[in-house]
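The values are calculated or read from the model by the stated rules, or taken from the named source; none is laboratory data. Note that the coordinates shown come from a computational prediction; the quantities given were computed from them, not determined experimentally. Cβ atoms come from the backbone with ideal geometry, glycine included; neighbour counts cover every protein chain shown. These area figures cover heavy atoms from the full protein model, side chains too; ligands, DNA and RNA do not enter into them. Shrake-Rupley method; radii C 1.70, N 1.55, O 1.52, S 1.80 Å.
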Amino acid sequence: MDSYWFILVGLTAGVGTFFTLWQGRRAQKAQEQLRKCQNELSELRSARHTALAEEQAKQQTVFNSMVEGLLILDEDGRVQFANPTLGQLFSLNGEIRGRTLLEALRLHELQGVAERATREGRVTGFELVLPGNSGRVLQINAASLREPGRTHAGSVLVFHDLTRLKQLENLRKDFVANVSHELRTPLSLIKGYVETLLDGAKDDPAIAVRFLQTIEKHTDRLTFLIEDLLSISSLESGQVVLNLQHIDLHDECEQAISDLTARASDREVTIANEVDPVLRVRADGDRLQQVLFNLIDNAIKYGRVGGTVRLGARPLNASTIEVWVMDDGPGIPGDAIERVFERFYRVDRARSREQGGTGLGLSIVKHIIQVHGGDVRLVSEPGKGATFYFTLPVGAEPQVNI
Ligand code: ADP
């Protein structure tokens, strides 16, 4: 009986130990599995974190490289994000994050645009002229950032700088108005003289000749104007193909002077070519002739009757030559110095018209020199003459054949 008892106790103890061991093993396995899951979870978390950081970095690069200003407002209307372009557009110095739109940019109109965007969902093409005298014009597009299930919404505002476009548009309008005016003036004069001739003036030969000469003068003016307009348009198109050559500067000046001999003698003007014959420039010969012709012609037209026009040049450095055309006429007032190279700008409009000027000569000179990589400048004092300077690249020495 005792032995059965022992066997039973032994068996029970064995089963108990087995069960404990089995349970311990299960718990260990479960723990291993839990650890594995935790590792996987943390790997997933860190992958998600990296992906999110990469996404944010990408977004930041896009926002930072935008030519438009970008502003994101949260649902309380406070600045959540502003890109660097926005800072430049509004000349912002400090941090604006967390501020209201009004505190950040100090523009009531903008506050209204943001509110409209939140209310209506979208605002496109709102134009804003910035206060002050910067003349800056911005176009603002705004949209609401409403999240599903939420009543309040943030908004995003995009700012396009239209200033340059507006300036170009104004320049174009001025140009068209000026061209129309310049064309209309000689045309209406021609029409007037023709009508007077037809009304009977043709029967008096002396008057008829005088009128016909005037008509010829105005048709010449129209021709010059159209030629100058074509020159300007081809130069401004940026598609000018220069036939660059190594040119003897003294000879080139001599050529321009000989083309203007008749005009110079009409006003008893002496022209002195003081350009050193060793100087050579690299330029398009025809274009250089146009530059010299316009400058010498102006010096004759606007200089002193019986005066002297001097042409000179000097090397500025190893690669640049400076050329000048100097007269001893009445000169140009200080406030006009910056403007004479503008299209249609004249110091004395009546005088220019009387001389057959188109108001485009100096603008053409500036364009031609600029396409050669040079620049132009004017030095003048009223009563002390005017000197127009321009630079060109140095030309190579002529090849000597032995
Ligand atoms: P325009 O066809 O009227 O001569 P330009 O562009 O050649 O046009 O010159 C612009 C204006 O600059 C002229 O109308 C004139 O008033 C002034 N100007 C140009 N050259 C001289 C000069 N050498 N002396 C004085 N005024 C000048």
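Data table
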{"item": "Average Cα contact separation per residue, the chain, under 8 Å, 6 or more apart, as relative contact order %", "result": "10"}
{"item": "Where LEU34, LEU130 fall by accessible area, highest first, once all protein chains stay in place (1.4 Å)", "result": "LEU34, LEU130"}
{"item": "From phi via Karplus (6.51, -1.76, 1.60), per-residue ³J(HN,Hα) for the stretch 6-12 in Hz, x at Gly/Pro", "result": "4, 4, 5, 5, x, 4, 4"}
{"item": "Difference of contour (0.36 nm per residue) and Cα-Cα distance, ALA262 to GLU354", "result": "31.4 nm"}
{"item": "Estimated vicinal HN-Hα couplings, Hz - the stretch 272-283 in sequence order (Karplus 6.51, -1.76, 1.60; Gly, Pro = x)", "result": "10, 8, 9, 7, 4, x, 7, 7, 10, 10, 9, 7"}
{"item": "Normalised contact order of the stretch 251-316, rounded percent, pairs of Cα under 8 Å and 6 or more residues apart", "result": "52"}
{"item": "Cβ charges +1 (Lys, Arg) and -1 (Asp, Glu), total dipole of the chain, debye", "result": "1840"}
{"item": "³J(HN,Hα) computed for each position of the stretch 285-302 - Karplus, 6.51 cos²θ - 1.76 cosθ + 1.60, integer Hz, glycine/proline x", "result": "x, 5, 5, 5, 4, 4, 5, 5, 4, 4, 6, 5, 4, 4, 4, 6, 4, 9"}
{"item": "Amide hydrogen neighbours beyond the local backbone of PHE81, cut-off 5 Å, H modeled", "result": "ILE72"}
{"item": "ARG351 accessible area, assembled protein chains, probe 1.4 Å, Å²", "result": "60"}
{"item": "Using alpha-carbon coordinates, inclination of helix 361-371 to the longest axis of the chain, degrees", "result": "50"}
{"item": "Tail beyond 33 Å, pair distance distribution of the chain (Cα, percent)", "result": "62"}
{"item": "Convex hull volume of the stretch 250-296 per residue (C-alpha atoms, cubic angstrom)", "result": "65"}
{"item": "Above-threshold pairs, the threshold being 18 Å between Cα atoms, out of LYS217/LYS366; LYS173/LYS217; LYS191/LYS217", "result": "LYS217/LYS366; LYS173/LYS217"}
{"item": "The chain - percent of accessible surface contributed by carbon and sulfur, probe 1.4 Å", "result": "54"}
{"item": "Chain lengthening between ILE226 and ALA396 when straightened (0.36 nm per residue, less Cα-Cα)", "result": "57.6 nm"}
{"item": "Inter-label distance, nm, simple model (7 Å from Cα along the C-beta direction), ASP248/ALA318", "result": "2.7"}
{"item": "Kirkwood Rh in Å, taken over the stretch 242-402 so that all alpha-carbon pairs contribute", "result": "16.0"}
{"item": "Mean separation of Cα contacts under 8 Å, 6 or more apart, over the residue count of the stretch 266-385: relative contact order %", "result": "28"}
{"item": "Centre separation in Å (Cα based) which lies between the stretch 1-77 and the stretch 83-97", "result": "45"}
{"item": "Cut-off under 5 Å, modelled amide H: who pairs with THR320 long-range", "result": "VAL394"}
{"item": "Cα-based Rg of the stretch 168-239 normalised by 2.2 N^0.38 Å, two decimals", "result": "1.48"}
{"item": "Among 196-203, 99-106, 250-257, the order from most to least packed when residues are scored by Cβ within 10 Å on average", "result": "250-257, 99-106, 196-203"}
{"item": "Global geometry of the stretch 16-67, whether rounded, prolate or oblate, following the gyration tensor of its Cα atoms and the 1.5 cut on a/c", "result": "prolate"}
{"item": "Choice from ASN83, ASN170, ASN39 with maximal GNM fluctuation in the chain (Cα, 10 Å cutoff)", "result": "ASN39"}
{"item": "Shape category assigned to the stretch 217-334 from the gyration tensor of Cα positions, a/c cut at 1.5", "result": "oblate"}
{"item": "Sites ASN133 and ASP276 - FRET efficiency at Förster radius 60 Å, r taken between beta-carbons, to 0.05", "result": "0.80"}
{"item": "MET66, MET326, reordered so the largest accessible area comes first (probe 1.4 Å)", "result": "MET326, MET66"}
{"item": "Histogram of C-alpha separations across the stretch 33-174, 5 Å bin width, %", "result": "2, 9, 14, 18, 16, 12, 8, 6, 5, 3, 2, 1, 1, 1, 0, 0, 0"}
{"item": "Å² per residue, accessible surface of the chain at 1.4 Å", "result": "62"}
